[in-house]
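Single-structure report; data block below.
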């Protein structure tokens, strides 16, 4: 990957200063400076395979993968070529390109619960559409979500209450993930106004040990929806295609009525999708949900190419093997250097937390040491592996984290 050509005002520090004058908060939003350890870069200029390059020309093995969208590796040739071919003919046109039909057919053929698909631009779009369809299809209002779960940055579910009214949340009820009694209590509270139970692919609350759904909990959610005539909605925005190509809850033997996808669906191109069962086809055909750029052709071409490659190599199996290799290496290194480290979640999407580290100070220090050695990790958010994280790349990263653990041990002993 070629380094950035240096220009005045193009360093990370310069760009932050410039951003402070014209962007509220300097850099706010999902990929913001506040979300990574102090000392991390904010601005990037390129990516290639498992590597990214920041605005100062430093190169890192990337374990955030653009916070999830990169699943094949940065600038994957097949995806880049599919995008280029469509861009050469036009992208945002007077209607969708044929890729829309091909992609919908691909999703229906890949995802067992899917009888149809419709498209959006990001995860918030997809999950809001799911909730809209659930309400339209049932004629009800109440929506159940897990405490602490993230389903998007929109008023009905945003983690921030700033600018959100009580009316925005008037029909939202909460339960505890994997707690059947809590779920059943919330269902009882909703009564005959229950429209949907919304569940994450797994519990991935930030700064917490990750928790896969139990079969008992998943079955209880499915049964509750069946009894009430409500929609079971799986938020597969973050985990979709990394755990199972047919949907993350295939692993627990439960299929939803509606599911939202984004992030990895097009290997970095802006796209989201909602898939659903026949029961909600009529609602999906009648509700008004749209966006000026939702049916642009290049991202859909990218998604067709991405899904083809994921299917060709059996991506979930490859990603799990890479994640297990990475997890085992981190756990062995931590124990050898005297640290208690918990690596939880699916191997392809691990979160790494030091025990007895309530402020994540140890985690932050470790990640900064790893960054100085060319590895980009996160101390509180789940990380992501891609198909570009080959055994050789993972081992190279572990060579760097070995040095990071040594430095952290020396610092603690000083």
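The values are calculated or read from the model by the stated rules, or taken from the named source; none is laboratory data. The structure displayed is predicted, hence computed values, not measured ones. Neighbour counts run over all protein chains shown; Cβ positions are idealised from the backbone, glycine included.
Observations on the structure shown:
- Flag for residue 85 being surrounded by fewer than 16 Cβ atoms within 10 Å (Cβ to Cβ), in contact (Cβ under 8 Å) with a residue 40 or more places away in the chain, farther than 30 Å from residue 222 by Cα and assigned by TED's automatic domain parsing to the domain that holds residue 191: yes
- Note on region 114-229: enclosed helices (runs of 4 or more DSSP H) holding 3 or more residues that are under 25 Å from the mean Cα position of the chain (by Cα), at pLDDT 95 or above and more than 30 Å from residue 297 (Cα to Cα) are 215-228.
- Selection status of residue 115, surrounded by 16 or more Cβ atoms within 10 Å (Cβ to Cβ), over 15 Å from residue 241 (Cβ atoms) and touching a helix residue (DSSP H, G or I) at 6+ places or on another chain (Cβ under 7 Å): no
- Those residues of region 45-94 which are closer than 20 Å to residue 121 by Cα and not in a loop (DSSP other than H, G, I, E, B), in sequence order: 65, 66, 67, 74, 79, 80, 82, 83, 84, 86, 87
- Taking (1) part of a loop (DSSP other than H, G, I, E, B); (2) more than 15 Å from the chain's Cα centre (by Cα); (3) touching a residue at least 60 places away in the same chain (Cβ under 8 Å) in turn, residue 244 satisfies each apart from (2).
- Some residue of region 247-258 being part of a loop (DSSP other than H, G, I, E, B), in the same structural domain as residue 132 (by TED's automatic domain parsing), touching a helix residue (DSSP H, G or I) at 6+ places or on another chain (Cβ under 7 Å) and surrounded by 24 or more Cβ atoms within 10 Å (Cβ to Cβ): yes
- Qualifying residues in region 296-321 (those that are out of contact with any helix residue (DSSP H, G or I) (no Cβ under 6 Å at 6 or more places or on another chain) and buried (at least 22 other Cβ atoms within 10 Å of the Cβ)) - the one nearest to residue 96 (Cα to Cα): 296
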